[in-house]
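Comments concern the structure below.
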């Protein structure tokens, strides 16, 4: 993972926290000059510059890219229900798997150089300026009087990454599964808001709700680039967030070209500008808004991964987030959340 990424960024102060949700109901995969991208909420601002740069290439010249952004689970269900999509760029793998199961995305969507990933980040703790409550560890989040803001796992992919990072922090410190469950009970007792999406959670926190926001690192960096005055902490233990992207079966050639650009050095550098940890080497540059612009993406002491530490999403989604419907078992974290009343 690159540790020396540098990029200077000029962004609109209003843009990062705007909930524009630029939905599009027109256009289809049959139009070779139009692409419908359906993405998770936090991606919207980053995609703006990536799309502009793609349109400046030969492959992207004249291609009209329409975007719809919202909570990842809701976006996935919308595509399943018929929303036009040529590319889906969502928060986590199960939201793409739903579309594979529905016959909208090919089963081999992960058979490529990035294993189906377009962007990546880690979970960080966003705190009020000056960190008045001294929050710097997962243990601090379970202390009395600490108000936590995190999205709702029923709708948001970001929420699932956050909760696995919290649960996994106990395992990373040598604790047992029982210890982790006990910790999560204290964690949920401190949750003061469960907004629908990662972007909604940022808005709630910057509007004065809570003492700490669990968030994508890139969301924290982008907000600070846009003038939001808060701090963020990289805890000793975090989880590698990997956001999948896939084409629908009837996607035009232009959509293939756009995805190739997203994964290229040029595309990944643009994503790095808004705080994503790049998939490829993008050179020795700085990232404004990072705690250390010359070393914007330091590795935490322990970086969990969904595959190595939780058995992959095919196992983890039901085990931790199962909803108990259709005969399925209620997930570990779903049950704890329900019992907490959060």
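The values are calculated or read from the model by the stated rules, or taken from the named source; none is laboratory data. Computed from a predicted structure; not experimentally measured. All Cβ positions, glycine included, derive from the backbone under ideal geometry; neighbour counts span all protein chains shown.
General observations
- Number of the exception - residue 300 against (1) assigned to a helix (DSSP H, G or I); (2) under 21 Å from the mean Cα position of the chain (by Cα); (3) closer than 27 Å to residue 137 by Cβ: (1)
- Scanning segment 294-312 for residues that are in contact with a strand residue (DSSP E or B) (Cβ under 8 Å, 6 or more places away or on another chain) and either exposed (fewer than 13 other Cβ atoms within 10 Å of the Cβ) or without any contact (Cβ under 8 Å) to a residue 24 or more places away in the chain (or both) turns up just one, 301.
- Those residues of segment 313-342 which are assigned to a loop (DSSP other than H, G, I, E, B) and surrounded by 13 or more Cβ atoms within 10 Å (Cβ to Cβ), in sequence order: 322, 331, 342
- Going through (1) surrounded by 20 or more Cβ atoms within 10 Å (Cβ to Cβ); (2) under 25 Å from residue 300 (Cα atoms) one by one, residue 259 falls short only on (2).
- Residue in segment 124-144 that is touching a helix residue (DSSP H, G or I) at 6+ places or on another chain (Cβ under 7 Å) and crowded, with 24+ Cβ neighbours inside 10 Å present: yes
- Residue check, residue 156 surrounded by 24 or more Cβ atoms within 10 Å (Cβ to Cβ), assigned by TED's automatic domain parsing to the domain that holds residue 312 and under 18 Å from residue 72 (Cβ atoms): yes
- The residue that is farthest from residue 195 (Cα to Cα), among those in segment 39-74 that are out of contact with any helix residue (DSSP H, G or I) (no Cβ under 7 Å at 6 or more places or on another chain) and in a helix (DSSP H, G or I), is 55.
- Within segment 116-167, being part of a helix (DSSP H, G or I) and out of contact with any strand residue (DSSP E or B) (no Cβ under 9 Å at 6 or more places or on another chain) holds for 139, 160, 167.
- Qualifying position, being crowded, with 18+ Cβ neighbours inside 10 Å, under 18 Å from residue 262 (Cβ atoms) and assigned by TED's automatic domain parsing to the domain that holds residue 252, among 61, 95, 56, 84: 95
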